[in-house]
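The values are calculated or read from the model by the stated rules, or taken from the named source; none is laboratory data. What you see is a predicted model, and the numbers here were worked out from it, not measured in a lab. Note that we place each Cβ from the backbone using ideal geometry, even for glycine, and neighbour counts take in every protein chain shown.
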Amino acid sequence: MYRKFLLIFLYLYALVFSVSKTIRIPNQWAQSHWLVDYRFGFIKRGLAGELLGFLCEKNAFSVTALSVLVLAVLYFFIASIAVKITWNNTRSCYRILFFVIFLLSQYIVFSAHLIGYLDHVVFLMTIFTVYLITRNKLFPASIIAVFSIFIHEISIVLMLPVCCFAIIVNQVPERKFSIKNVFSPNVIKKLALFLTLPFLSAVFISGYQEVNGGNYYTQLFSYLKQSSISEKVADSVCSAYTKSFTYYFSEQYEYFFQRIFISKATIFYGIPIVFCLWMIFKEFKLNIQLFILLIVISAIPLILHSIAYDTYRIWTFPYMILFLGFWILSLKYKRDSGQTKPEKFSWWEYVFFITAFLFVSLIPAILFDGETERFSVAVKLILILPILGILYFIKKAPVKTD
């Protein structure tokens, strides 16, 4: 029990440390997304604002209150899933180190900094959708996915791939994964049942945006300015809502390879992401084909580099995809903690962990709106000592069999 208490404290401490670096109230970009609705006709991302307006008056207070609630619920589920998975096998160092890196990761840092962004709603709905999928309730899961796409089309690359991964893992016989089995009639049928409605929704939104997206710019711009949104932010938001996907692709695609392979994020985010992948591989002793599929699923959000310029935000998404992937695999591939011996790390794995740990805990994230993290490197060095101390104690302490 004492060991479990330490693990809970470890995870909560890491989460609070990451959140404290950058937490703030929703910026005007986030507020604008909740203010936009269908008052001028159908528009992408309008559903969230429409629902908020149905529930209460839309103003800075209601947007802030809802943003805090959404983020708090998301953190609650993240912490609960991490604790539950770890408790299933407290001997597993791979699980513990995976969740430590994730809770210190730039995803958690940015989620606090970008409070109020619709990404958080999408990931919260993804957790519910994956939960339904693992219980073979595919049609309700598909309906939630449709709502998520109408809230933000980013669901296409954040929600749908990891949900397909959940279906595949849930349907393919344990330890018999192969690409051939993925294309079996049963799996294809399940994927079709889940994907049909979200796919049609995505086609509708994309097609409508290409043809009619630019019709509402002037009305939206005037509405946002009347809602105390600055002219610069209002113009940026209106452009995001009304310009077509092909426009953004033509503007941004030439920077795609640079953003993936030779940006600062390639190193500072990429190395911890690869470490998380390695922990998953070691924890579940994955079939190499399944492992490759997980790599592909986690990399799909990076496609956004071809249409968007917020490089550092996009690089945070694979962390959350891997967190969900770990959860999905843990539900399928259960290990008997009473029969599992503590793992032995090689020297290079220790170096790998320390490198990833320092990158996520000490390297300052490049934030929006010209803001910087609250803690200096010296303060961070002091604040991470309890994390290292608890990890050392867990490694050295004997484990009692329950």
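Quick look at the values:
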read-out	value
Positions within region 132-146 being assigned to a loop (DSSP other than H, G, I, E, B) and either among the β-branched types (Val, Ile, Thr) or touching a Lys or Arg at 6+ places or on another chain (Cβ under 9 Å) (or both), in sequence order	Thr134, Asn136
Members of region 205-233 that are farther than 20 Å from Phe245 by Cα and part of a helix (DSSP H, G or I)	Gln219, Ser222, Tyr223, Leu224, Lys225, Gln226, Glu231, Lys232
Leading residue by the ranking (nearest to Ala240 (Cα to Cα)) among those in region 137-148 that are among the β-branched types (Val, Ile, Thr) and out of contact with any Pro (no Cβ under 6 Å at 6 or more places or on another chain)	Ile144
Matching residues, region 245-284, being in contact (Cβ under 8 Å) with a residue 24 or more places away in the chain and either among the aromatic types (Phe, Trp, Tyr) or assigned to a loop (DSSP other than H, G, I, E, B) (or both)	Phe245, Tyr248, Phe249, Tyr253, Tyr255, Phe256, Ser263, Phe268, Tyr269, Phe275, Trp278, Phe284
Qualifying position, being of a type in the set (A, V, I, L, M, F, W, C), under 16 Å from the mean Cα position of the chain (by Cα) and buried (at least 22 other Cβ atoms within 10 Å of the Cβ), among Leu114, Leu74	Leu114
Test result for Lys232, in contact (Cβ under 8 Å) with a residue 60 or more places away in the chain and surrounded by fewer than 15 Cβ atoms within 10 Å (Cβ to Cβ)	no
Any helices (runs of 4 or more DSSP H) falling wholly within region 1-108 and containing at least 3 residues that are within 27 Å of Ile267 (Cα to Cα), out of contact with any strand residue (DSSP E or B) (no Cβ under 8 Å at 6 or more places or on another chain) and among the β-branched types (Val, Ile, Thr)	2-22, 93-104
Residue that is within 26 Å of Val109 (Cβ to Cβ), modelled with pLDDT under 95 and among the small types (Gly, Ala, Ser), where the choices are Ser18, Ser92, Ser80	Ser92
Qualifying positions in region 285-312 - aliphatic (A, V, I, L, M) and not in a helix (DSSP H, G or I)	Leu286, Ile307, Ala308
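This table checks each residue for (1) farther than 22 Å from Ile303 by Cα; (2) in contact with a Leu (Cβ under 8 Å, 6 or more places away or on another chain); (3) touching a residue at least 12 places away in the same chain (Cβ under 8 Å).
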{"site": "Pro161", "(1), (2), (3)": "no, no, yes"}
{"site": "Val172", "(1), (2), (3)": "yes, no, yes"}
{"site": "Ile188", "(1), (2), (3)": "yes, no, no"}
{"site": "Pro198", "(1), (2), (3)": "no, yes, yes"}
{"site": "Ser201", "(1), (2), (3)": "no, no, yes"}
{"site": "Gln219", "(1), (2), (3)": "yes, no, yes"}
{"site": "Ser222", "(1), (2), (3)": "yes, no, no"}
